[in-house]
Amino acid sequence: MKLFSKEQIYEGDKLTAERQNITSTDLMERAGTQIFNWMHMRIQGAQVPIHVFCGIGNNGGDGLVLSRHLITHGYNVFTYIINCSDKRSKDFLINYDRIKNVTKKWPVLLNCAQDFPEIAPEDIIVDAVFGIGLNRPIDLWVKQLFIHFRKSKAFTLAIDIPSGLYPDQPVKDEDAVVWAGFTLSFASPKLVFFLPETAKFTVQWEVLDIGLDPEFLYTTETHVVLIGKNEVLPNYVPREKYSHKGQFGHALIIGGSYGKIGAVTLASRATLTAGAGLVTAYMPKCGYHAVQASFPEAMVITDVDDEIITAISFDIEPTVIGFGIGAGTETKTAKAFEAFLKTNKVPLVIDADGLNMLSKKKTLLKLLPEMTVLTPHPKELERLIGKWKDDFDKLDKVKAFTKKHQVIVVIKGANTITVFEDKLYINTTGNPGLSTAGSGDVLTGIIVGLISQGYNPLVATIIGVYLHGRSADIAVEDFGYQSLIASHVIEYLGEAFIDLFKQPEQPPQQEASQEEGEAQEQNQT
C-alpha cells in the first residue's frame, strides 16, 4: 500500500474533482458519508451521546457532513464548532448551512475553556478539528480541549488524522494532540501512524475509500510503502520441479565467539530454512561440535583460534555472506574483518558486532559492496549515523547514510522500516514476542537465505522482514508473547511461506450461497 504525502493527497483531491466532474463539496459529502456508514454499521442506531467537534476547515466540513447524517438517522448528536479563527473554508460554510437545515439544534460555537461541554466516559467523541492541514501551533484553549477529551475517558474517533498531529513533522507538545482510540484515514494511512514517537496517538486505524481517481492512486509514486502480503506475494519466486540445491546458492555465515556460538547456529538455521541451497558456518574452534551436533544440515569451517575469529579464510565460493553475529569486537577480530572487506566482492548482510566494528572505524564503510544490508538495533544505528532529535530526523539521517554508502538499512522496531536512498518500506507484521534474544540473528539469516536464492538484496530484505514478523505472528498463537523465543520463529517460517498463498476465509453465508449456485448449475446440466 502506498502512503501518500500531504501534498499528494491535496493533488489527488483536485484531480478527482476534475476527472469525475464533481465539486470539492461533492467530494467532502462522499468522505463524510463514508465516515457515517462506518459508524452506522457499528452503532446500529444506539442512543449513545456522540460529540462531534468540528474545526473551520475541510476536516471540520467532513465532521459537519457526518453530523448531518447522524442527525437525519435519529442519533443523539451534539455538534460543536472550534471557533479558533475568522477564516473558514468554502466547503465548511456550505455544510454549516446544510446542517442548520436539518435540525433546530444548531452547532454550538466554542470560544474558550468555559464553553467546554461535559463528556461522560460512555460517550463518543469525533475529532474533526484540524486534519492534515494544520500548519501552526494551536491555541492554548484548544490544547485544553484536547486534554478535556483525554480526561473524559470517552472513546475518541479521529477523522483522517488525530488533530494536532502533523503528517510530516514531530510532535513538540503531546498535550496539544488528540489521543484517538481509532482513526479513519482517507486514501492511505499516514507515516506518523508507524513511528515510535507518534504511533501512540491512535490505537488503531483504518483506511476509508472515498473514491479518489483510480489513475492517480495507481500511477502516483510515493516515497513510503506499507508492506503486507499483497506487496510480498508478487515478488515470490516459485521453484521448478527439477530444481536442485545448487540453484539456490551457498550461504556463508561468519561469526561467533566463546559463549556466543548460539547466534551463529540460529542465523545458519534461519538461512537454510529461508531456502538457501547450502549453508556453511565459519566460527572459532570452540563452536565446532556444538553446531555439528545441533544443526547437522550445516557445514562448518573453523578459525585457527579456539575462542575468537582471528582470520577469515575459506575455500568455498559463497553466493552471499552474513557477518557479525556473536563475533565480538576483539582487536584481532576487527583486523580480520577489515582484511576480509578489502578483498570481498560477495553480497553482504552485516549485523551485531559487524555493525559495531563499522561504527568504530567508519572508513570501512567505503569497502562495502553496493546494496550491502545492515540490520542495526536502535543503539547500533545510533553508533552508525549519530544521535537524532526525533523520528523524522532519524529517517532523514538514515536516508542520507544509505545514499552516501549505497547500502540498505533495516531500522528494527514495532514497525520495522527498510530504507534505501529516499524510499521507506514499512513492515506490518511482527509482535512484542520478538523482543527476545536471538530474534535479530534469525532475521539476518532469513535475509541471507533469500539473497542466496537470487533475490535482489532490497527485495530479499523487504520479504525477509515480512516473513520474520509473520512467522512470529503465527508462532505467538501457540506460545504467547512472553514465551516466544527465536527458535520458534525459525520453526514457523515454513507456515509463514504457506500463509502467503492462503485466501481469506469467506463468511458462512457466502460459502452457502456458492454451494447453492454450484448445485443449481449441476441441476441445469
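The table that follows gives values for the structure above.
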| item | result |
| --- | --- |
| Residue match in segment 273-281 (condition: touching a residue at least 40 places away in the same chain (Cβ under 8 Å), touching a Lys or Arg at 6+ places or on another chain (Cβ under 7 Å), open to solvent by less than 30 Å² (accessible area, probe 1.4 Å) and not in a helix (DSSP H, G or I)) | yes |
| Enumeration of residues in segment 300-321 that are over 14 Å from Tyr258 (Cβ atoms) and surrounded by fewer than 16 Cβ atoms within 10 Å (Cβ to Cβ) | Val304, Ala311, Ser313, Phe314, Asp315, Ile316, Glu317 |
| Selected residue (only one of Thr103, Thr79, Thr72 is among the β-branched types (Val, Ile, Thr) and open to solvent by less than 20 Å² (accessible area, probe 1.4 Å)) | Thr79 |
| Criterion (outside any loop (DSSP other than H, G, I, E, B), modelled with pLDDT of 90 or more and touching a helix residue (DSSP H, G or I) at 6+ places or on another chain (Cβ under 7 Å)) met by exactly one of Ile99, Ile138, Ile119 | Ile99 |
| Complete set of residues in segment 1-58 that are more than 26 Å from Phe149 (Cβ to Cβ) and among the basic types (Lys, Arg) | Lys2, Lys14, Arg19, Arg30 |
| Test: residue in segment 3-11 that is within 30 Å of Ile227 (Cβ to Cβ), of a type outside the set (S, T, N, Q), open to solvent by 20 Å² or more (accessible area, probe 1.4 Å) and in contact with an Asp or Glu (Cβ under 7 Å, 6 or more places away or on another chain) | yes |
| Those strands (runs of 3 or more DSSP E) lying entirely in segment 398-462 with at least 2 residues open to solvent by less than 20 Å² (accessible area, probe 1.4 Å), closer than 29 Å to Thr280 by Cβ and not polar (S, T, N, Q) | 407-411 |
| Count of segment 106-141 residues which are aliphatic (A, V, I, L, M), open to solvent by 50 Å² or more (accessible area, probe 1.4 Å) and over 14 Å from Gly164 (Cβ atoms) | 2 |
| Candidate set from segment 228-260 (those that are touching a Pro at 6+ places or on another chain (Cβ under 9 Å) and open to solvent by 20 Å² or more (accessible area, probe 1.4 Å)); member that is nearest to Phe501 (Cα to Cα) | His250 |
| Top-ranked residue of segment 47-69 - restricted to ones that are in a loop (DSSP other than H, G, I, E, B) and touching a residue at least 60 places away in the same chain (Cβ under 8 Å), ranked as surrounded by the most Cβ atoms within 10 Å (Cβ to Cβ) | Gly55 |
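Condition check ((1) assigned to a strand (DSSP E or B); (2) among the β-branched types (Val, Ile, Thr); (3) within 22 Å of Val442 (Cβ to Cβ)) across all residues:
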{"position": "Ala327", "(1), (2), (3)": "no, no, yes"}
{"position": "Leu341", "(1), (2), (3)": "no, no, no"}
{"position": "Val346", "(1), (2), (3)": "no, yes, yes"}
{"position": "Val349", "(1), (2), (3)": "yes, yes, yes"}
{"position": "Leu364", "(1), (2), (3)": "no, no, no"}
{"position": "Lys379", "(1), (2), (3)": "no, no, yes"}
{"position": "Glu382", "(1), (2), (3)": "no, no, no"}
{"position": "Trp388", "(1), (2), (3)": "no, no, no"}
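Okay, residues lined up against (1) among the aliphatic types (A, V, I, L, M); (2) at pLDDT 95 or above; (3) under 23 Å from the mean Cα position of the chain (by Cα); (4) open to solvent by 80 Å² or more (accessible area, probe 1.4 Å):
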position: Arg470; (1), (2), (3), (4): no, yes, yes, no
position: Ala475; (1), (2), (3), (4): yes, yes, yes, no
position: Ser483; (1), (2), (3), (4): no, yes, no, no
position: Phe497; (1), (2), (3), (4): no, yes, yes, no
position: Glu518; (1), (2), (3), (4): no, no, no, yes
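To keep it simple, each residue is scored yes or no on (1) surrounded by fewer than 14 Cβ atoms within 10 Å (Cβ to Cβ); (2) in contact (Cβ under 8 Å) with a residue 24 or more places away in the chain; (3) over 19 Å from Leu424 (Cβ atoms).
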| residue | (1), (2), (3) |
| --- | --- |
| Thr363 | yes, no, yes |
| Leu368 | no, yes, yes |
| Leu374 | no, yes, no |
| Arg383 | no, yes, yes |
| Asp390 | no, yes, no |
| Leu395 | no, yes, no |
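The values are calculated or read from the model by the stated rules, or taken from the named source; none is laboratory data. Quick caveat, the model's predicted, so the values are computed rather than measured. No Cβ is skipped: glycine too gets one built from the backbone with ideal geometry, and neighbour counts run over all protein chains shown. To get the accessible areas, we keep the full protein, side chains included, count just its heavy atoms, and leave off ligands, DNA and RNA. Shrake-Rupley method; radii C 1.70, N 1.55, O 1.52, S 1.80 Å.
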